[in-house]
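These notes are about the structure you will find just below.
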Amino acid sequence: MNIFTTKFYLIGLTFFIPTILEAQKKILILLGSPGSGKGTLVEYCKQFNFTVLSTGNLCRQEIASKSHLGQQIEYYSMTTGLTPDNIIDEMVETWLDKQVESETIIFDGYPRTKDQAERLSNYLQTKMPDSQLDIFYLESTDDEELVQRILNRLVCENKQCQAVYNRRFTNSQSCKKCKGILIQRADDTEHIVRLRIAGFIQNNLEIIDYYNKLGIPVKRILVSNVTPEEVFERFINFIELETKSNKNSLEKNNEDL
């Protein structure tokens, strides 16, 4: 395995990210309540050429296509705010089947229940047995902050872009990346948002407990009262530390041979 460092820049900060060649497939899961900044963190991570699984974006693409699956998703998103596991699982696995060449996949919004976590584990064992799983929890201590983030959220209507903005920090009505129109999602209402946050809290403890019992530690990143840049920096620090640990283990194994 060859390891070298790649330099990245972000708002005055410089990161040297270890890049692993000929490495096993990596699955990075982002757990976090609605409004915790998962989508924003994913945007920053795109400079690493990670393949991104966003269940929210996949759902909106299905709704826009007016498929049978999309009609089901739209109904649940506008009523209970939560689409049944089996519908999301089928959509995710169909997407994953097409990611044979992807080296690193970052999951935004999946799994959201223990049952989904178990099904994902079974899928990975069967279809991607050599994959390495890392779990990150974007932890918030202020639910009201999350509610306000979502109620002020704007997204690019371009289905190929879907960049996220906040009306508290932008006066523009168009996307900086593709010039698409910025809109508010139809399900970003206070009632639906509070239902989604309550559902997340109920399920997240079970997910974390499940992964802990599998021996997969969940890395916590505090997102309350910090900037997206600070969240990104903490995420990168975790990746750097893990890569160094893997390198040391590899060198030790080589010495033992």
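Please treat every number below as a calculation from the coordinates, not as lab data. Only a predicted model underlies this, so the values are computations on that prediction, with no experimental measurement involved. Heads up, the Cβs are rebuilt from the backbone with ideal geometry, glycines too, and the neighbour counts pull from every protein chain shown.
How many residues are over 22 Å from Asp188 (Cβ atoms), surrounded by fewer than 19 Cβ atoms within 10 Å (Cβ to Cβ) and among the aliphatic types (A, V, I, L, M) if we restrict to the range 28-73?
The number of residues fulfilling the criteria is 0.
Within the range 211-232, how many residues are out of contact with any Pro (no Cβ under 9 Å at 6 or more places or on another chain) and in a helix (DSSP H, G or I)?
Filtering the range 211-232 down to residues out of contact with any Pro (no Cβ under 9 Å at 6 or more places or on another chain) leaves 212-232.
Remaining after also requiring in a helix (DSSP H, G or I): 212-213, 228-232.
Result for the range 211-232: 7.
Given Gln148, Gln125, Gln162, Gln116, which one is in a helix (DSSP H, G or I) and under 19 Å from the mean Cα position of the chain (by Cα)? Even if it seems obvious, please write down each step before you answer.
Details: Gln148 fails: under 19 Å from the mean Cα position of the chain (by Cα); Gln125 fails: under 19 Å from the mean Cα position of the chain (by Cα); Gln162 fails: in a helix (DSSP H, G or I).
Answer to the selection: Gln116.
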